[in-house]
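Worksheet for the structure shown next.
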Amino acid sequence: DGAIPEFEIARETRTQEGETFAAAASRKLVCGGAAGVISRTLTAPLDRLRLLMMTTARPIGAREALTLATTNPPNIGFRGLWMGNGMNCIKIAPEMGIKMFSFDVLKQKVAADPDNITASEQFVAGGIAGAMAEVSVYPMEVVRTRIATGAYGSLRECLASLSQGGASAFYAGVVPSVVGIIPFAAIDLTINSILKDKAARYLQGKGEEISVPLLLSCGMLSSATATVVTFPLNVVRTVAQATAKPIKDIILTLKQDGLHGFYRGMLPCLLKVMPATSISYASYEWLKTRWESA
């Protein structure tokens, strides 16, 4: 799905003067997590369209995916656009918490100067932290994907079906998922670093500092670029989560549709980037203000 907007926002938000690490972490986790719930809930329809376009037996367009989302399961109506969103929101706290804690610990280990971490050091720390968070919450991601396909009438039915496949069923597609973190992080951080440096130099000439919204804009562009490049791995992972088929068989099936097969669902995925980040940031700022005034 790309970078976690609420994690990126929390990371780019400066620690307040005199604030302890525990207080800063609590604020970022609570406000970032709540902002993530708001953002993911409001953009959930686009996410379900993406999942359906990726996992149907044959390629379908956004219009057909919309029809499928509101008719499968039968009589679901527009509530179907939010199928799987509950699990997607539940996994925010552990995913973000593990990533934030791991990143801060690893940053201290790999960086020569933890307060001025370089792009390469951030790549190493961020990549490992991302992989740890991904593996930790992966079973929840699989459950979310299965529910979003509309194949199950309830969470209990979904879990019962997955349990028949043993523990491995809860980790279907984990290899392309973890492998995809490396190129995604490399592209994302490289482009983000270039954009931020250019923006900082331009603003420095005008005697201004780079703002958080501008930093997030750089993040949106770099994340969108990384998403496009690594999207085939995202499709393979999602199909594996939905079907538990071997990766080799999934690739052979997708190849039948040519390059288009590996880019199913990319349009709703990219359309989600800007509103997801914008909503997350606005929500985070509002919640942070309430947190500070409490």
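The values are calculated or read from the model by the stated rules, or taken from the named source; none is laboratory data. Note that the structure is predicted; figures quoted are calculated from it, not measured. Cβ sites come from the backbone with ideal geometry, for glycine too, and all protein chains shown count toward neighbours. Just the protein is used for accessible areas: all its heavy atoms, side chains included, with ligands, DNA and RNA removed. Shrake-Rupley method; radii C 1.70, N 1.55, O 1.52, S 1.80 Å.
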Which value in Å is the Kirkwood Rh of segment 165-208 over different Cα pairs? 13.3
HN-Hα J in Hz across segment 67-75 - Karplus 6.51, -1.76, 1.60, θ = phi - 60°, x for Gly and Pro: 4, 5, 5, 9, 10, 10, x, x, 6
From the phi of every residue in segment 207-223, what ³J(HN,Hα) in whole Hz does the Karplus formula 6.51 cos²θ - 1.76 cosθ + 1.60 yield, where θ is phi - 60° and glycine or proline is x? x, 10, 9, 6, 8, 4, x, 5, 4, 5, 5, 4, x, 5, 5, 5, 5
Pop out the ³J(HN,Hα) list for segment 82-88 in order, Karplus 6.51 cos²θ - 1.76 cosθ + 1.60 with θ = phi - 60°, rounded to Hz; leave Gly and Pro as x. 10, 5, x, 5, x, 5, 4
Exposure of residue 104 as accessible area (Å², to 10), given a probe of 1.4 Å and all protein chains: 40
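Rg over Rh of segment 106-202, using C-alpha atoms and the Kirkwood radius, what does it come to? Walk me through the numbers on the way to the answer.
On the way: Rg = 18.5 Å, Rh = 15.9 Å.
Reported Rg/Rh, Kirkwood definition of Rh: 1.16.
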Lysine pair number, Cα distance threshold 17 Å (strictly under), the chain, separation 8 or more or different chains: 9
Per segment 47-109, sqrt(5λ) over the Cα gyration tensor eigenvalues, sorted largest first, in Å, gives 35, 14, 7
How large are Rg and Dmax for segment 207-275 when calculated on the C-alpha trace, in angstrom? 16.2, 57
In Å, descending, principal axis extents of the Cα set of segment 180-294: 55, 38, 22
Rounded to one decimal in nm, the spacing of the 7 Å Cα→Cβ label points at residue 201 and residue 292 is 3.2
Given segment 242-294, report the % of alpha carbon pairs whose separation exceeds 13 Å. 72
Space enclosed by the convex hull of the alpha-carbon atoms of segment 13-160, per residue, Å³: 140
Against the rule of thumb 2.2 N^0.38 Å, how large the Cα Rg of the chain comes out: 1.02
Residue 217 accessible area, nearest 10 Å², 1.4 Å probe? 50
Using a 1.4 Å probe and ignoring any ligands, DNA or RNA, find the accessible area of residue 78 and quote it in Å² to the nearest 10. 150
Please work out the Cα center distance from segment 159-191 to segment 75-153, rounded to the nearest Å. 11
What is the distance, in nm, between label points placed 7 Å from the Cα along the Cα-to-Cβ direction at residue 228 and at residue 26? 4.4
